[in-house]
1. Mind checking which lysines have their Cα closer than 28 Å to the Cα of K162? Skip sequence neighbours fewer than 8 apart in that chain.
2. In percent, how large is the relative contact order of the chain, given Cα pairs closer than 8 Å and 6 or more residues apart?
3. From the alpha carbon gyration tensor of the range 53-166, can you work out the equivalent ellipsoid semi-axes (sqrt of 5 times each eigenvalue) and give them in Å, largest to smallest?
4. Say each of I199 and E36 gets a label point 7 Å from the Cα, pointing the same way as Cα to Cβ; how far apart are those two points in nm?
5. Roughly how many Å is it from the Cα centre of the range 115-192 to that of the range 4-68, as a whole number?
6. For a quick check of your reading of the filter: which trypsin sites (Lys or Arg not before Pro) in the range 3-43 sit in a DSSP loop and have no more than 16 other Cβ atoms within 10 Å?
7. What are the DSSP H helices in the chain that stretch 20 Å or more along their long axis, judged by alpha-carbon atoms, and whose average Kyte-Doolittle hydropathy comes to at least -0.5?
8. Loop only per DSSP, at most 11 neighbouring Cβ atoms within 10 Å: give me the trypsin sites (Lys or Arg not before Pro) in the range 109-171, ordered by residue number.
Amino acid sequence: MTEDVRHLRAAALAEDLVTLRAESPVGNDLLSLAGEGRLTMEHLRRLVGIELQCHVSELAAYGTIISRFPHHPTTGLYLDLGRLVYEAHFKLRECATVMGIPEERIYRWPSGPSAHAFSGLISWLALHGGQADNALAMYADMTTYFPDCVKLLDRLGGTDLKMPDEFVDYYRGEAPDEMIQKALDVVEFGLAQGEAPAIALERARLTDEHIGRFWQAAADD
């Protein structure tokens, strides 16, 4: 199989994911609350608290994938993702401090099935998934989470809610285009090893749904 054909296969999966998102959108309860003018600082604290826990799971998951697939291009992608999350974690800890989350609650609050859903999925995928489905899951994550963070800040910008500068700075971040392309490169590589494109797409869609539960958990009272 030529390199060009592998690129087309990965690009086709990405387009299929776009189609699924358009046909059956996964809601974002936090954006809905913001649009209704009902979002409070406590919801934002919940968001930070949940994401701190996700960071721990992500770092462990990426290390697991590297240990299972210690070769190019897979290792390079997850080293980059790990570095991104590791550096972001310090900024998010600053958010937690400024927003008044007690130290004893960090990594323990919020809890419950929705709060732990995304962490559970990426942990399971790291242990049981292949290279294509894990990488397409990362592609799904980066192409929905970051845009929704920007939408959240845009909606909050017209309200009286006083967001700390640290919060705004953190959630204004964007996924580097290079990293998104690296994720597709790993999808291509996995497909070339015989991994099933249908499974990759299914698990990318699961990622969208679990990110929906991430927002849902933050929106809970």
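The values are calculated or read from the model by the stated rules, or taken from the named source; none is laboratory data. Note that this is a predicted model, so its numbers are computed, not measured. Positions of Cβ are backbone-derived with ideal geometry, glycine not excepted, and every protein chain shown enters the neighbour counts. Quick note on the areas: whole protein, heavy atoms, side chains included, nothing else; ligands and nucleic acids left out. Shrake-Rupley method; radii C 1.70, N 1.55, O 1.52, S 1.80 Å.
1. Cα-Cα hits under 28 Å: K91, K151.
2. 39
3. With the √(5λ) rule applied to the range 53-166, the semi-axes are 28, 17, 14 Å.
4. 4.0
5. Each part's Cα centre sits 5 Å from the other's.
6. Hits after loop and neighbour filter: R38.
7. Membrane-span-like by this criterion, though nothing is claimed about a membrane: 3-23, 41-68, 74-98, 113-128, 131-156, 177-192, 197-219.
8. Loop-located and lightly packed - K162.
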